[in-house]
Amino acid sequence: MIRKLLADNILAYVGLYMLTFVVPDSFNAALYKFMYPFFVSSYLYGAGKLSRVKRFFSRNKLQVLLLTIIVYAGLFSMYGYYAYIYTSGYAVVGLRSHIVTEWKFWNDIYRMLIGFAGALMFLLLLRLIYDNSRMILDRGWSLLQNIGIASLAIYIISGYIYGYILPKLCRDFELNYAMTILESVLVLSACYVGFVIIRKQKIANRFLFGGR
């Protein structure tokens with residue numbers, strides 16, 4: 001019944017989203033709540049619930065791409081310390097760093113806007129590159145598809161790796177961009193392996209990643 005309600009009623013997703021503001025931010029919950037609207041939007045888009053939006057994007061790819069680039073660049077110019085989900089938190093209830101109350105929702109709105117603009121810009125750029133270089137990028141595109149399928153799991157697992165494991169392993173490291181890139185690749189690989197292992201466990205897969 002709950003699954004049918006969610007499948008047929010977009011407003012139900014909006015209602016759940018509003019509830020996320022009163023759920024405490026403990027155990028990295030702020031990060032997952034922040035990702036909720038992006039995950040739901042992608043699901044609804046892929047499930048055909050946003051057919052008018054899909055048709056508009058397909059007919060006006062370049063115009064939408066240019067618009068998202070402009071919007072993203074403008075919003076990025078205002079990016080600051082308080083825009084980080086890690087510093088400002090998410091929930092209305094409970095501690096939320098030291099930010100003035102009236103700025104809380106502005107931070108959330110700002111993060112949503114720049115998040116959607118950046119994600120849409122990136123996806124449209126990938127689509128544009130793929131359409132014009134299909135033969136060259138077939139293998140790389142397949143890899144990106146597999147990573148994309150596991151993106152939610154990768155995000156969840158990486159949150160704990162970056163939050164609890166890497167600070168202990170890398171506490172004596174100095175900033176090094178080559179090491180940062182290597183670290184990112186290793187963490188991504190570890191997260192994907194973890195996803196593959198957990199996905200084979202039916203109960204864990206269902207509760208952690210929403211699998212069937």
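The values are calculated or read from the model by the stated rules, or taken from the named source; none is laboratory data. None of these values were measured; they are calculated from a predicted model. Virtual Cβ from ideal backbone geometry, glycine too; neighbours counted across all protein chains shown. Ligands, DNA and RNA are excluded from the accessible area calculation, which covers all protein heavy atoms including side chains. Shrake-Rupley method; radii C 1.70, N 1.55, O 1.52, S 1.80 Å.
Considering the stretch 52-87, and only residues there that are assigned to a loop (DSSP other than H, G, I, E, B) and touching a residue at least 12 places away in the same chain (Cβ under 8 Å), the residue that is surrounded by the fewest Cβ atoms within 10 Å (Cβ to Cβ) turns out to be M78.
Counting residues in the stretch 170-193 that are open to solvent by less than 80 Å² (accessible area, probe 1.4 Å), modelled with pLDDT under 75 and outside any helix (DSSP H, G or I) gives zero. If you go through the stretch 35-45 and pick out every residue that is open to solvent by less than 60 Å² (accessible area, probe 1.4 Å) and farther than 12 Å from L152 by Cα, you end up with 3. Inside the stretch 44-81, residues that are basic (K, R), at pLDDT 80 or above and over 17 Å from L126 (Cα atoms) make up a count of 2.
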